[in-house]
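Heads up, the thing below is written out as structure tokens.
The values are calculated or read from the model by the stated rules, or taken from the named source; none is laboratory data. Here the structure is a predicted model, which is why all the values come from computation and not from measurement. Please note: Cβ atoms are built from the backbone with ideal geometry, for glycine as well, and neighbour counts cover all protein chains shown.
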Number of protein chains: 2
Amino acid sequence: MRDVAVIGVGMNKWGELWEAAIRDLLAESVLLALDDAGIDSVEAMYIGCMSSGLFTHQEHLGSIGPDYSGICPIPGMRVESACASGGAAFRAAYIHVASGMADIVMAAGVEKMTDVDGGGATFALATAADQEYEVYNGVTFPGLYAMMANHHMHKYGTTRDQLSQVAVKNHLNGSKNPLAQFRMKVTPDQVKNSVMVADPLTLLDCSPITDGSAAVILCSMDKAKELTRKRLVKIIGSGHASDTIQLAQREDISSLKSTNMAAKQALEMAGRKISDINFAEVHDCFTIAEIMVIEALGIAPQGKGGKATADGITAIDGKFPVNASGGLKSKGHPVGATGVAQIAEIVKQVRGEADEGRQVKKADIGLAQNMGGSGASSVVHILEGM
Amino acid sequence: MRDVAVIGVGMNKWGELWEAAIRDLLAESVLLALDDAGIDSVEAMYIGCMSSGLFTHQEHLGSIGPDYSGICPIPGMRVESACASGGAAFRAAYIHVASGMADIVMAAGVEKMTDVDGGGATFALATAADQEYEVYNGVTFPGLYAMMANHHMHKYGTTRDQLSQVAVKNHLNGSKNPLAQFRMKVTPDQVKNSVMVADPLTLLDCSPITDGSAAVILCSMDKAKELTRKRLVKIIGSGHASDTIQLAQREDISSLKSTNMAAKQALEMAGRKISDINFAEVHDCFTIAEIMVIEALGIAPQGKGGKATADGITAIDGKFPVNASGGLKSKGHPVGATGVAQIAEIVKQVRGEADEGRQVKKADIGLAQNMGGSGASSVVHILEGM
């Protein structure tokens, strides 16, 4: 496999974007990434998107992406793995360039989620869970993660305040991110006292519904050296694993096996330990998710993710900054775009281009973890500045 | 890039399968392919599916595929490019193995289309067209292909009888295929006189709505030689291109540019001319589509696809057999499965394992062409027996 670098990144301002269709969102980030890379086309495009069919009645983004970005007839295909669609698209693009089939390939991600009737977004998102055994019986994602939170609190003594600290930290980081959807800072009391969604998860424990996109451009290392004067950011590890789609069929619902496996694969490929990594962007779709993810990655010991968060380990100036971008919590969570935006953030950080107040001090090696469903699929990538 | 072979294929009996959920369909073909290859797992899975969200309210097949096939926690991702989803999944799996990232990877495809209300399937399929400029104004796929047919008839003199001959040929072939959905033979008069759908296309000019799946297993050539005693079928060419999603934005709606480009790429990669290919499985979603595809591939000159069909060039015993399987017309068209089933058919033919009456005499090199929308994306693969 050839060495591959990321040479361009783009992300639009996320939020409730009523005036933009899904094709507009997608093209906006594609053009930003091309501009950042200083090139005018790519050889192929992978587009992460969870459910453009249910959200916007528009499938076939593999055609719309190139077409509305003005780079038709290059080939495009959509990649879906629920909320891990963006990470999966990045992995497919990475493998494409690494194979030698093409030198320059784009991974984009998009979701247009707010243009649906009341309840429509929750219905569409629930298609990432087991429709026949979970959703049919009335469970949606806040409920699934609430069960995981309750079990984690029961088993490890994780507290209500520790959950809140995830939201407090990520909103503080996101307040410095001009592209984030919700830039307000929040206090532990605000998180705890916001409206209950699924006990113990309140509204401020949950990531929002978002319209947004992101795009990154991958390039063979040899070609990248010719094309760019910016710091090259090399993909040194890639991992991907699945778990049972049903939460009820897992041995343990207070840990994330697929994330642990994907991380092991990526670290082994990179020849590194988790302690060699400087910072991470992880999938905090709910506050409990970030706690469980940092345990699965080995940033905190199993059962100690809440304490590590409360102790400031994962703060922007902590030992292992997590979600300097604001994470899904503050930045927003347009599901198909999330995994690609994580990569864009890591590249920005490694290049030292993050906005003031959220640039991680030592940012040479970053890790991105993107997750689908209640952990039924996970994708992990490790990137290093050259 | 490493040499890659197909070492196992599987396909279930297609039709209106009321007793099977989408997960059952998928697992059935996955297990058949594993059995055919004589192995019990793979390292990764790509799943072609156009719209499991709209058809079955179940996304995240990247988790369900491995889970319900009993090979969790291997990684899976769904690939979508409308009706070319299966071909795209095969291409992604091919690139994965060719890259060296894994030795054994599965490409599966599935669609469960009949379990919807009246009109629901046409609505879901229409999301492969331009929702804002085509579908919003009332056009669905029969209408789009009818426009292409009318233009082709006007420009080249293609006749009603030539359209019918595509259906007659493919149903004759499909009558020998025990896995096909509609095994009845049809006469030109029956095709012409069946109920009008969109002038000039009658019901028997259209491929049906189908539940079904298919799966194939790709393996690095070195490993394949160890694993199998069957004839090895090597992937010698792969091509993929896009076109504008809107029919109205094309220079010429009586030709298929994306198919022509994808075919050129695949032939160039294989170092062959179209005359070197023995037979093909192509995307006859409508009779006019097969006529236009054989022109785009160079099997017939531009404008002469209808005549070539009527002359028997593409018959099973003709100079260049096309759709020996029965094609989408007779075999059925579960959209995400179609492109994978084409590969399965080519492997069966190259191995000399096709059913009596539809085995192509000289079947050493076969071509598969899979198309999304009204030609907005096309995937072409060429496979050769070793």
* **Pick from region A:55-89, criterion within 22 Å of the chain's Cα centre (by Cα) and of a type in the set (Ser, Thr, Tyr), ranking: farthest from A:Lys112 (Cα to Cα)** => A:Ser81
* Unique match (being within 14 Å of another protein chain (Cβ to nearest Cβ) and closer than 30 Å to B:Glu59 by Cα) among A:Ala296, A:Ala341, A:Ala368, A:Ala289 -> A:Ala296
* Structure fact -> If you go through B:Tyr136, B:Tyr94, B:Tyr156, B:Tyr145, the only one that is touching a residue at least 12 places away in the same chain (Cβ under 8 Å), within 14 Å of chain A (Cβ to nearest Cβ) and not aliphatic (A, V, I, L, M) is B:Tyr94
* So which residues in region B:163-176 are crowded, with 23+ Cβ neighbours inside 10 Å and of a type in the set (S, T, N, Q), if there are any at all? -> B:Ser164, B:Gln165, B:Asn170, B:Asn173
* Being touching a Pro at 6+ places or on another chain (Cβ under 7 Å) and crowded, with 24+ Cβ neighbours inside 10 Å, is that true of even one residue in region A:118-136? -> no
* To do: Restricting attention to region B:340-377, report how many residues are closer than 26 Å to B:Val30 by Cβ and among the small types (Gly, Ala, Ser).
  => 9
* **Scan of region B:317-340 for residues that are without any contact (Cβ under 8 Å) to a residue 60 or more places away in the chain and not hydrophobic (A, V, I, L, M, F, W, C), ordered by number** => B:Asp317, B:Gly318, B:Lys319, B:Pro321
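For every residue, the table says whether it meets (1) of a type outside the set (Asp, Glu); (2) at pLDDT 95 or above; (3) within 18 Å of B:Gly372 (Cα to Cα); (4) crowded, with 18+ Cβ neighbours inside 10 Å.
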residue: B:Met196; (1), (2), (3), (4): yes, yes, no, no
residue: B:Ser207; (1), (2), (3), (4): yes, yes, yes, yes
residue: B:Val216; (1), (2), (3), (4): yes, yes, no, yes
residue: B:Val233; (1), (2), (3), (4): yes, yes, no, yes
residue: B:Ile245; (1), (2), (3), (4): yes, yes, yes, yes
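Suppose we filter A:Gly8, A:Gly48 for residues that are within 11 Å of chain B (Cβ to nearest Cβ) and not basic (Lys, Arg); which single one remains?
Going through A:Gly8, A:Gly48 in turn, just one is within 11 Å of chain B (Cβ to nearest Cβ) and not basic (Lys, Arg): A:Gly48.
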* To do: Consider A:Val360 carefully, then state whether it is closer than 29 Å to A:Val105 by Cα and within 17 Å of the chain's Cα centre (by Cα).
  => no
* When only residues in region B:99-115 that are surrounded by 24 or more Cβ atoms within 10 Å (Cβ to Cβ) and among the small types (Gly, Ala, Ser) count, which is farthest from B:Lys331 (Cα to Cα)? -> B:Ala107
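A:Leu144 - would you say it is in contact with a helix residue (DSSP H, G or I) (Cβ under 7 Å, 6 or more places away or on another chain), closer than 30 Å to B:Ile22 by Cα, buried (at least 23 other Cβ atoms within 10 Å of the Cβ) and not assigned by TED's automatic domain parsing to the domain that holds A:Ala341?
Answer is no for this residue.
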* Asked: Is region B:306-322 home to any residue that is within 14 Å of another protein chain (Cβ to nearest Cβ) and under 18 Å from the mean Cα position of the chain (by Cα)?
  -> no
* Applying the selection to region B:273-299, what residues are surrounded by fewer than 24 Cβ atoms within 10 Å (Cβ to Cβ) and of a type in the set (Ser, Thr, Tyr)? -> B:Ser275
* Would it be correct to say that A:Ala280 is in contact with a Leu (Cβ under 6 Å, 6 or more places away or on another chain), away from chain B (no Cβ under 14 Å) and small (Gly, Ala, Ser)? -> yes
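In region A:67-80, what residues are without any contact (Cβ under 8 Å) to a residue 60 or more places away in the chain and touching a Lys or Arg at 6+ places or on another chain (Cβ under 6 Å)?
Hit for region A:67-80 is A:Tyr68, nothing else.
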* Give just the number: which of (1) outside the structural domain of A:Ala33 (by TED's automatic domain parsing); (2) under 22 Å from A:Pro334 (Cα atoms); (3) not in a helix (DSSP H, G or I) does A:Thr158 not satisfy? => (2)
* Structure fact -> Among the residues of region B:53-66, the number that are more than 8 Å from chain A (Cβ to nearest Cβ) and in contact (Cβ under 8 Å) with a residue 60 or more places away in the chain is 1
* **Residues located in region A:330-370, provided they are under 24 Å from A:Ile22 (Cβ atoms) and touching a Phe, Trp or Tyr at 6+ places or on another chain (Cβ under 7 Å)** => A:Ser330, A:Lys331, A:Gly332, A:Pro334, A:Gly339, A:Val340, A:Ile343
